[in-house]
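Below is one structure; the comments refer to it alone.
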Amino acid sequence: MIAVAVWAVLLFLIIKHESARTGNSLSVHAVTNLINNEGAVVVDVRPSNEYREGHLSGAINIPLKELTQRAKELKKYQEKPVILICKAGQHASSAGGILLKEGFTNLNRLQGGIYEWQASKLPLVKS
């Protein structure tokens, strides 16, 4: 009986965690195609110092801590696909939740974050 209860709680927590993830998780190649073919907007939610060390060309940096206050800066891109990027892929989901509340619907996340981009030997720019 206890095992069933533990299993039910774990199942509930897994479902809750997965439902909190916002946006499509895309591979590096899918992100590249979305940028090149559909004019997707890239929003890098890493802290500014990490962004300056290397980011995708044309990416807009709004650190996750500031996203709620600065989301209005992205309103002009609301009709375009938005790609959210963080360091390893976890924080982009939280950023998607914030933008979803602001009315964004075409939200995507770079699977594996900037680490995956670098592992694929794709270019970054420094600022």
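Kindly indicate whether SER93 is among the polar types (S, T, N, Q) and open to solvent by less than 60 Å² (accessible area, probe 1.4 Å). Working first, answer last.
On the way: among the polar types (S, T, N, Q): yes; open to solvent by less than 60 Å² (accessible area, probe 1.4 Å): yes.
Taking the combined requirement at face value, the residue satisfies it.
Among the residues of the stretch 96-127, which ones are within 20 Å of SER57 (Cα to Cα) and either open to solvent by less than 40 Å² (accessible area, probe 1.4 Å) or touching a Pro at 6+ places or on another chain (Cβ under 9 Å) (or both)?
Let us first name the residues in the stretch 96-127 that are within 20 Å of SER57 (Cα to Cα), namely 107-127.
Correct list: LEU107, ASN108, ARG109, LEU110, GLY112, GLY113, ILE114, TRP117.
Say we look at the stretch 61-90 and pick out the residues that are in a helix (DSSP H, G or I) and hydrophobic (A, V, I, L, M, F, W, C); which of these is surrounded by the most Cβ atoms within 10 Å (Cβ to Cβ)?
If we take residues in the stretch 61-90 being in a helix (DSSP H, G or I) and hydrophobic (A, V, I, L, M, F, W, C), then LEU67 is surrounded by the most Cβ atoms within 10 Å (Cβ to Cβ).
Go through the stretch 63-89 and give me each residue that's within 8 Å of the chain's Cα centre (by Cα) and at pLDDT below 95.
Matches in the stretch 63-89: GLY89 only.
Only residues in the stretch 105-127 that are within 13 Å of ASP44 (Cβ to Cβ) and touching a residue at least 60 places away in the same chain (Cβ under 8 Å) count as the first member; pair them with residues that are open to solvent by 90 Å² or more (accessible area, probe 1.4 Å) and of a type in the set (Gly, Ala, Ser), Cβ under 9 angstrom, at least 6 apart or cross-chain, and list the lot.
Between residues of the stretch 105-127 that are within 13 Å of ASP44 (Cβ to Cβ) and touching a residue at least 60 places away in the same chain (Cβ under 8 Å) and residues that are open to solvent by 90 Å² or more (accessible area, probe 1.4 Å) and of a type in the set (Gly, Ala, Ser), the close pairs are LEU124/SER57; VAL125/SER57.
Here is a list: ASN24, ASN37, ASN49. Which entry is modelled with pLDDT of 95 or more, closer than 18 Å to ASN108 by Cα and either open to solvent by less than 90 Å² (accessible area, probe 1.4 Å) or not hydrophobic (A, V, I, L, M, F, W, C) (or both)? It would help to see each step written out before you state the result.
On the way: ASN24 fails: modelled with pLDDT of 95 or more; ASN49 fails: closer than 18 Å to ASN108 by Cα.
Within the list ASN24, ASN37, ASN49, the selection yields ASN37.
The values are calculated or read from the model by the stated rules, or taken from the named source; none is laboratory data. Only a predicted model underlies this, so the values are computations on that prediction, with no experimental measurement involved. For neighbour counting, all protein chains shown are included, and Cβ atoms are generated from backbone atoms with ideal geometry for every residue, glycine included. Ligands, DNA and RNA are stripped out before the accessible areas are found, and what is left, the full protein with its side chains, is counted by its heavy atoms. Shrake-Rupley method; radii C 1.70, N 1.55, O 1.52, S 1.80 Å.
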